[in-house]
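Notes follow once the structure below has been shown.
Every number here is computed from the coordinates shown, using simple stated rules; none is lab data. These figures come from a predicted structure and were not determined experimentally. For neighbour counting, all protein chains shown are included, and Cβ atoms are generated from backbone atoms with ideal geometry for every residue, glycine included.
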Protein chains: 2
Amino acid sequence: MNYPCGIKKTNSKIISYGNRGMSLEADINLTNDYYLKEKVAVIHKKPTPITICKVDYPSRYEAVIKEGYFKTPSTTDYNGIYKGKYIDFEAKETKNKKIFPLSNIHKHQLDHLKSIISLGGIGFIIIRFTTLNETFLIEGNHIFDATKNEKKSLDYDFVCKKGYLIKVNYNPRLDYLKIIDHIYFGGDINE
Amino acid sequence: MNYPCGIKKTNSKIISYGNRGMSLEADINLTNDYYLKEKVAVIHKKPTPITICKVDYPSRYEAVIKEGYFKTPSTTDYNGIYKGKYIDFEAKETKNKKIFPLSNIHKHQLDHLKSIISLGGIGFIIIRFTTLNETFLIEGNHIFDATKNEKKSLDYDFVCKKGYLIKVNYNPRLDYLKIIDHIYFGGDINE
C-alpha cells in the first residue's frame, strides 16, 4: 500500500542550513491549522520547554525574560486528538539522502512514544529527506524495532518500505491524517 | 454521586500570594508523575509559550535567551492519554471562597476545550478554592453552559453541585482520574 519511493516532486525548494527543521515544521503547522479550522482534528505543536532564570518587570503589566535556557524535551513536539483517538508524533528533517540518523530523536522521546502506544494512542514519526524532498510517516513500532537492534540510523529504503509517503498539496499542505485514516480507520489512501 | 461540600480537610496548608497557582500545579505534576510511573496514563503539562527575541551564544554548545516574552496560551495547560482516550484540562486556583471568577480562563482555552469535546475527547477544568482547601473536577460542558448565560463567575455551590470533589491523598496526590473513571468508564468513585 506504500507509495513507490523515488518519485520526483515538482515542488522542490531550497532549504537553507539556518532553517533546518523550520520548513517541515511550517508545513505541519499549516496543516494543523487547516485541520483545526475544518474541525477535523485538534493537533498542536508544544511550546519549546525553557528554564526561566531571570524576569524583569519594566512596568506593572509587562514581564521580560532576561535569562533563560533551552531544556531537553521529555515528550514529542506534537499531540492532539483525531476521531476520538490520541495522536502523538515527532517530526524531523535530514539533509542526508541515504539514512535518517536516529540521533535526531532523543531516547526519552522514543520512550514517550512507546508509552503512548501501549496506552492505546497513535504514535509515529514524520521524517523528511529534504534533499530528496520526500516526507514519510512511519509508525513508532517500526522505529522501536530498529533501535532494539541498536541501529544508529534508519536506511532510506527501510523508511520507504515501512513508512508511507505523504503527498504535498496546496491545502492541507501535508495531509498526514489521510495515512492515519488508512492505517487505523480503514480509509482509502488514494482517495 | 458528588461528594458533599464543605468537608473539612486535615491537610490544610498556607498558600502564599507569591505562589498562587503553584501549589495546585505541583500537586497535579506529582500526580501525573505517579500515573506515568505506574503506566496508568501519560499526561503532561505543556511548557509555557514564550516568544524568543534574542539569544546569545557564549560558547558553541550554549544558548542563553536574553530577551523573551510570555505569550497568551491558545490551549489548556495539560493534555495526554488515559485508557486510549484523549484527556485535556486546565487547572486554576482561587482565593475566593464563594465564587470562581471565569476571567481566570481565557476564551480561546474554552474554545479549545469545546473542540476537544466535540471530537470525542475528555475535557474538564480542575478548580481549587485555596482558602477552603477544596479541589473540584468540573466537566467542560458545565462551564460552557455558564458562559453561554454570560456569567462572569461560577458560584461555589454550582461547582459543588456540578463538579466532583477530588480527594487529596499521599500518592497519587490528587487522583483526578478516579473521577474520570467514574464519569466515562463506570468506575466506582468510593473505591
Which of A:120, A:68, A:80 ends up with the largest GNM mean-square fluctuation for chain A, with Cα atoms connected below 10 Å?
A:68
Against the longest alpha carbon principal axis of chain B, how many degrees, from 0 to 90 and to the nearest 10, is the axis of helix B:176-185 turned?
60
What's the FRET efficiency of residue A:95 with residue B:141 using the Cβ-Cβ distance as r and R₀ = 45 Å, to the nearest 0.05?
0.40
Considering only Cα-Cα distances, which of the following residue pairs are longer than 31 Å: A:54/B:167; A:39/B:71; A:54/B:45; A:98/B:83?
A:54/B:167; A:98/B:83
Return the distance in nm (one decimal) between the two label points of a simple spin-label model at residue A:55 and residue B:161, each offset 7 Å from Cα along Cα→Cβ.
3.7
Return the loop-located chymotrypsin sites (Phe, Trp or Tyr not before Pro) in region A:121-190 (DSSP other than H, G, I, E, B) with at most 13 other Cβ atoms within 10 Å of their own Cβ; answer none if there are none.
A:170
Rounded to the nearest Å, what's the spacing between the alpha carbon centres of region A:66-130 and region B:90-131? Just the number, please.
28
Return the lysines within reach of residue B:148: Cα separation strictly under 17 angstrom, same-chain partners fewer than 8 residues apart disregarded; answer none if there are no such residues.
B:107, B:114, B:162
Output the 0 to 90 degree angle, nearest 10, between the alpha-carbon long axis of helix A:107-118 and the longest principal axis computed from the alpha carbons of chain A.
60
What aspartates and glutamates could a cross-link reach from residue A:97, if we take a straight Cα to Cα line under 14 Å and drop same-chain neighbours fewer than 8 places away?
A:134, A:155, A:157
In percent, what relative contact order does chain A have, based on Cα pairs under 8 Å that are 6 or more apart in sequence?
20
Set of region A:84-99 residues, backbone N closer than 18 Å to the point 7 Å along the Cα-Cβ line of residue A:185
A:84-89
Under the definition of partner shielding as Cβ atoms of other protein chains within 10 Å of a residue Cβ, what is the mean value for peptide B:106-115?
1
Taking the Cβ-Cβ separation of residue B:66 and residue A:72 as r and a Förster radius of 25 Å, what is the calculated FRET efficiency to the nearest 0.05?
0.75
Within region A:30-67, list the chymotrypsin sites (Phe, Trp or Tyr not before Pro) lying in a DSSP loop whose Cβ has at most 16 other Cβ atoms in a 10 Å radius.
A:61
Could you pull out the trypsin sites (Lys or Arg not before Pro) across region A:68-127 that fall in loop regions by DSSP (anything but H, G, I, E, B) with no more than 13 other Cβ atoms inside 10 Å?
A:71, A:95, A:97, A:98
